[in-house]
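Below is one structure, written out as structure tokens; the observations come after it.
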Amino acid sequence: MMEAIAEKQTTVDSKSNVRDEPVIDQDMTGAQTVGVPFADNPKMSMRNVNVHYADKQAIFDVSLDIGKNEVVAMIGPSGCGKSTFLRCLNRMNDTIDICRIDGSLQLEGQDIYDPKLDVVPLRARVGMVFQKPNPFPKSIYDNVAYGPRIHGLAMRRTELDEIVETSLQKAGLWNEVKDRLHAPGTGLSGGQQQRLCIARTIAVSPEVILMDEPCSALDPIATAKIEELIAELSENYTIAIVTHSMQQAARVSNRTAYFHMGKLIEVNDTEKVFTNPDHELTEAYITGRFG
């Protein structure tokens, strides 16, 4: 797929030698999303979502489905709104006083912004892995056991031990840490810390995992391990990932959503986005003309 991206880049560059670049309306006021933003079997459904920070609007009328056991990658230039939109999906933006969100955001038909909804169990169902690894200042064991303890998922120590082991296995970390479970989680390498945070997330049996640039602080070897893990986790979880790396989006996702200036410009099968996008803004971004 990445060879096709390179080929498309060459084609665009060669054309630019014989004619002027097309004028691209980057404002795209009132633009409608092109491609396939909706899914036949959605796990999460968002319709006409707008996000404001005080008087500044960050997200404009975004509608998108994330299908069950699907990996959706969100790409776009810095400041385009992709991380803001991702944080809406488990109400992380609730912590920002000046943030206002309107539209419909549903998890399997349930309005996640229902005032009666308790956000604690919501964030167990829709977990978040952040850009930088953030293990608690606790042991490896206690990092993973923290969520099951506060949610009452284990009545006995043997049950908790099983959850910890299973979560670390799913995160591809068990064999590396099984002999030092009571060592500090902060003593692990960066890539191991990120996998520990993923184990901590899946320990409470989420249905959806949100990842906000989970590999941006990692070296290529650690990044490859996280990408392999995403492929394995997608068999049991629905995943939405924000990434600045188009190569990573091409490797890990089923569909790719391109954001631009707070608008969702295009959603399509990942291969199509990177080889034959429907929108000129998407093509301009993936071929490096801006971003």
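Inspection of segment 225-240 identifies no residue that is among the aliphatic types (A, V, I, L, M), in contact (Cβ under 8 Å) with a residue 12 or more places away in the chain, surrounded by fewer than 22 Cβ atoms within 10 Å (Cβ to Cβ) and in a loop (DSSP other than H, G, I, E, B). Restricting segment 252-284 to residues that are outside any loop (DSSP other than H, G, I, E, B) and within 14 Å of the chain's Cα centre (by Cα) leaves a set whose member that is nearest to LEU229 (Cα to Cα) is VAL252. A single entry from LEU168, LEU107, LEU160 fulfils the requirement of being touching a strand residue (DSSP E or B) at 6+ places or on another chain (Cβ under 6 Å) and either within 28 Å of GLU228 (Cα to Cα) or β-branched (Val, Ile, Thr) (or both): LEU107.
Anything in segment 247-263 that is surrounded by fewer than 21 Cβ atoms within 10 Å (Cβ to Cβ) and farther than 16 Å from PRO42 by Cα? List them, or say none.
Keep residues of segment 247-263 that are surrounded by fewer than 21 Cβ atoms within 10 Å (Cβ to Cβ), which gives 247, 251, 254, 261.
Within segment 247-263, GLN247, ARG251, MET261 qualify.
ILE66 falls short on exactly one of the conditions (1) in contact with a Leu (Cβ under 6 Å, 6 or more places away or on another chain); (2) in a strand (DSSP E or B), and that condition is (1). Since ARG200 meets every condition but one in (1) among the basic types (Lys, Arg); (2) in a loop (DSSP other than H, G, I, E, B); (3) touching a Gly at 6+ places or on another chain (Cβ under 9 Å), which condition does it not meet? Checking ARG200 against (1) among the basic types (Lys, Arg); (2) in a loop (DSSP other than H, G, I, E, B); (3) touching a Gly at 6+ places or on another chain (Cβ under 9 Å), the one that fails is (2).
So is MET46 surrounded by 14 or more Cβ atoms within 10 Å (Cβ to Cβ) and either touching a Gly at 6+ places or on another chain (Cβ under 8 Å) or of a type in the set (D, E, K, R) (or both) or not? So MET46 passes the test. Selection within segment 253-285: residues that are in contact with a helix residue (DSSP H, G or I) (Cβ under 6 Å, 6 or more places away or on another chain) and among the hydrophobic types (A, V, I, L, M, F, W, C). The member of this set that is nearest to PRO77 (Cα to Cα) is PHE259.
Going by the conditions given, is PHE60 more than 24 Å from GLU213 (Cβ to Cβ), modelled with pLDDT of 65 or more and of a type outside the set (D, E, K, R)? If you could, list the steps in order and put the result at the bottom.
Details: more than 24 Å from GLU213 (Cβ to Cβ): no; modelled with pLDDT of 65 or more: yes; of a type outside the set (D, E, K, R): yes.
Spelling it out, it is not the case that PHE60 is more than 24 Å from GLU213 (Cβ to Cβ), modelled with pLDDT of 65 or more and of a type outside the set (D, E, K, R).
Return the residues of segment 124-155 that are outside any loop (DSSP other than H, G, I, E, B), in contact with a helix residue (DSSP H, G or I) (Cβ under 8 Å, 6 or more places away or on another chain) and among the basic types (Lys, Arg); say none if nothing qualifies. Within segment 124-155, ARG149 is the sole residue that qualifies.
The values are calculated or read from the model by the stated rules, or taken from the named source; none is laboratory data. On a predicted model such as this, the values are computed, not experimentally measured, just so you know. Note that each Cβ is placed from the backbone with ideal geometry, even for glycine, and that neighbours are counted across all protein chains shown.
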